[in-house]
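The values are calculated or read from the model by the stated rules, or taken from the named source; none is laboratory data. Everything numeric here is computed off the predicted structure, so don't read it as measured data. Here Cβ is always computed from backbone atoms with ideal geometry, including for glycine, and neighbour counts include all displayed protein chains.
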């Protein structure tokens, strides 16, 4: 189990993964060494899985973000299709879902032409994919990490 101090540490790191141990210690009223030990325990428990660098895809020329619902011919093909998606650099998220779609993926493309090529030449040709449903994102309003109470 994690306590309130662990939750505060997690919230600090999800807000800014580069926050110093000293800064976190100041917030938690603990030494940097104690914070380091707690972070190590949270990592060992699999609660903290690493830190990520966030980039602005639009600033890098990827102006089209889309969610693509994937219909599979058979549910048993999920693992194989997922592994194929792992090899497509445009696919940044992949989930196995309930509801209309078997899978939902999030992709970044340079433009609509790039998206069309990705769909027609690399996604819809994957063995086991029966069809797709594409939702182009007009505005990515916000994204935030999970906050712990």
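Can you find a residue in the stretch 120-141 that is touching a helix residue (DSSP H, G or I) at 6+ places or on another chain (Cβ under 6 Å) and under 30 Å from residue 11 (Cα atoms)?
No, there is no match, as no residue in the stretch 120-141 is touching a helix residue (DSSP H, G or I) at 6+ places or on another chain (Cβ under 6 Å) and under 30 Å from residue 11 (Cα atoms).
Let me spell it out: the conditions are (1) in contact with a helix residue (DSSP H, G or I) (Cβ under 7 Å, 6 or more places away or on another chain); (2) part of a helix (DSSP H, G or I); (3) closer than 19 Å to residue 128 by Cα, and residue 22 meets all of them except one. Which number is the exception?
So residue 22 meets the others, but not (3).
Residues that are surrounded by fewer than 17 Cβ atoms within 10 Å (Cβ to Cβ), in contact (Cβ under 8 Å) with a residue 60 or more places away in the chain and not assigned by TED's automatic domain parsing to the domain that holds residue 84: does the stretch 32-53 have at least one?
No, the stretch 32-53 contains no residue that is surrounded by fewer than 17 Cβ atoms within 10 Å (Cβ to Cβ), in contact (Cβ under 8 Å) with a residue 60 or more places away in the chain and not assigned by TED's automatic domain parsing to the domain that holds residue 84.
Considering (1) within 30 Å of residue 9 (Cα to Cα); (2) buried (at least 17 other Cβ atoms within 10 Å of the Cβ), say which one residue 91 fails and leave the rest.
(1)
Every residue in the stretch 8-19 that is outside any loop (DSSP other than H, G, I, E, B) and either loosely packed, with under 14 Cβ neighbours inside 10 Å or in contact with a strand residue (DSSP E or B) (Cβ under 7 Å, 6 or more places away or on another chain) (or both), please.
Residues of the stretch 8-19 outside any loop (DSSP other than H, G, I, E, B): 8-15.
Answer for the stretch 8-19, where residues must be outside any loop (DSSP other than H, G, I, E, B) and either loosely packed, with under 14 Cβ neighbours inside 10 Å or in contact with a strand residue (DSSP E or B) (Cβ under 7 Å, 6 or more places away or on another chain) (or both): just 15.
Just to be sure before I move on: is residue 17 touching a residue at least 24 places away in the same chain (Cβ under 8 Å) and closer than 30 Å to residue 131 by Cα in the structure I sent?
Numbers: touching a residue at least 24 places away in the same chain (Cβ under 8 Å): yes; closer than 30 Å to residue 131 by Cα: no.
It is false that residue 17 is touching a residue at least 24 places away in the same chain (Cβ under 8 Å) and closer than 30 Å to residue 131 by Cα.
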